[in-house]
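Quick notes on the structure that follows.
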Amino acid sequence: MSIPKHDEIRVPAMELLLRNSEMKLRDFIEPLSKYFKLSEEEINEMYPSGNGHVFYDRISWALSYLNMGGLLDKPKRGIYKINQKGIDLLKTPENVDFYIEKQLEKREPNKTKKKSREEQINIEEIASELTPQERLYSSFSNIRNSVYSDILNTILTKTPTSFEKLVVMLLQKMGYGGEIENSGLVTKVSNDGGIDGIIKEDVLGLGRIHIQAKRYKMDSCIGREEIQKFVGALAVAQSNKGVFITTSYYSKGAMEYVNNLNGSTTIVLIDGKQLAEYIYDYSLGMQVEQTIEIKKLDADFWDSMKDEQ
């Protein structure tokens with residue numbers, strides 16, 4: 001079973017509170033995971049950003065909306081308790097989501113007509129199956145994918161030589177070549193022997209990574225034959241390490257060929273999507289447009305203060 005959405009957690013959470021009086025957020029994890037028959041992997045799944053567990057976050061938002069809707073009380077910080085309205089509404093659990101929406105609509109009744117429309121949009125967002133944090137991650141992901149497309153489209157407007165220089169700079173940005181002066185170079189077109197660039201891994205140049213860069217249209221496919229030619233070029237250069245980078249993609253045969261190479265030769269394939277991600281992540285030719293800072297309560301700080309009895 002997949003991890004439930006925050007609106008799917010609301011009623012089971014209310015039923016738990018009905019049986020247990022007061023509960024802390026972390027107390028919901030085990031019983032709800034059993035209710036939804038989640039695996040350990042699903043319980044511990046993290047957001048792609050690494051900032052928090054998905055299931056824990058959805059429980060937190062489910063409780064927050066129940067509290068904002070007036071169905072739960074918080075007698076102390078971090079403690080949840082179902083109130084009489086919540087108990088009464090549990091008799092018709094199918095009405096819980098609708099009731100929460102209506103209660104949130106009433107929070108600011110004096111807004112102008114225009115403001116009320118903005119509030120309605122906010123209510124629709126709250127009623128959606130994604131938590132605000134998940135909507136933020138989704139928007140961030142959409143922005144990244146849009147930028148990935150811009151990166152590849154921009155690369156395709158540049159010359160093949162410019163692309164070769166770009167991939168050498170990228171590998172250096174990624175840490176290959178370290179602090180070695182002039183660790184990366186682009187080979188001369190007239191005498192490259194199938195090698196477009198070289199990264200020196202040590203001062204004496206005894207360790208080298210050879211690069212082949214293919215600036216192809218994104219819908220082009222690189223097959224096994226081109227990878228075999230690159231392996232041949234590595235043998236001539238007496239090298240056992242190579243990186244093949246393209247703006248397009250690789251055929252299944254090409255990837256299987258690389259996976260089945262013997263241990264004496266190592267080839268890394270980087271397709272257009274991975275290339276764009278690396279350029280983005282390592283900020284090659286990129287600039288930060290906006291930084292958004294999101295904060296949450298420091299539990300240790302607030303728990304150190306004495307609660308009112």
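Packing-wise, with mean Cβ within 10 Å as the measure, how do 162-168, 256-262 rank, highest first?
For the peptides 162-168, 256-262, the packing ranking is 162-168, 256-262.
What distance in nm separates the simple spin-label points at M174 and S264, each placed 7 Å from Cα in the Cβ direction?
It is 2.5 nm.
Mean residue ellipticity at 222 nm from the helices of the chain, using -39,500 (n - 2.57) per DSSP H segment of n ≥ 4 over the full residue count, to the nearest 500 deg cm²/dmol?
So the helix-based figure for the chain works out to -14500 deg cm²/dmol.
Out of the total accessible area of region 5-92 (probe 1.4 Å, heavy atoms of protein only), what percent is carbon and sulfur?
Looking at region 5-92 in its full context, I get 48 percent from C and S.
Of K34/K273; K91/K295; K5/K306; K34/K252; K34/K76; K5/K217, which pairs sit farther than 31 Å apart, going by alpha carbon to alpha carbon?
Check vs 31 Å cut-off fails for K34/K273; K91/K295; K5/K306; K34/K252; K5/K217.
Roughly what would the spin-label model give for I29 and N44, points 7 Å off Cα along C-beta, in nm?
Placing both labels 7 Å along Cα→Cβ, they lie 1.1 nm apart.
Let a ≥ b ≥ c be the square roots of the eigenvalues of the Cα gyration tensor of the chain; is it rounded (a/c under 1.5), or, if not, prolate (a/b larger than b/c) or oblate?
prolate
Label points 7 Å out from Cα along the Cβ direction at S162 and K252: separation in nm?
About 3.7 nm separates the two model spin labels.
Given a 1.4 Å probe, how much area per residue of the chain is accessible, in Å²?
62 Å²
Considering only protein heavy atoms and a 1.4 Å probe, what is the carbon-and-sulfur percentage of the accessible area of region 242-302?
49 percent
Assuming 0.36 nm per residue, please report the length gained on full extension of the stretch V147 to S283 beyond their Cα-Cα distance.
Taking 0.36 nm per residue and subtracting the Cα distance, the gain is 47.8 nm.
Compute the angle between helix 132-155 and the longest alpha-carbon principal axis of the chain, please, reported from 0 to 90 degrees and rounded to the nearest 10.
Between the helix axis and the principal axis of the chain, the angle is about 20 degrees.
The values are calculated or read from the model by the stated rules, or taken from the named source; none is laboratory data. This is a predicted model, so every value here is computed, not measured. Note that each Cβ is placed from the backbone with ideal geometry, even for glycine, and that neighbours are counted across all protein chains shown. We work out accessible area using only protein heavy atoms, side chains counted, and drop any ligands, DNA or RNA first. Shrake-Rupley method; radii C 1.70, N 1.55, O 1.52, S 1.80 Å.
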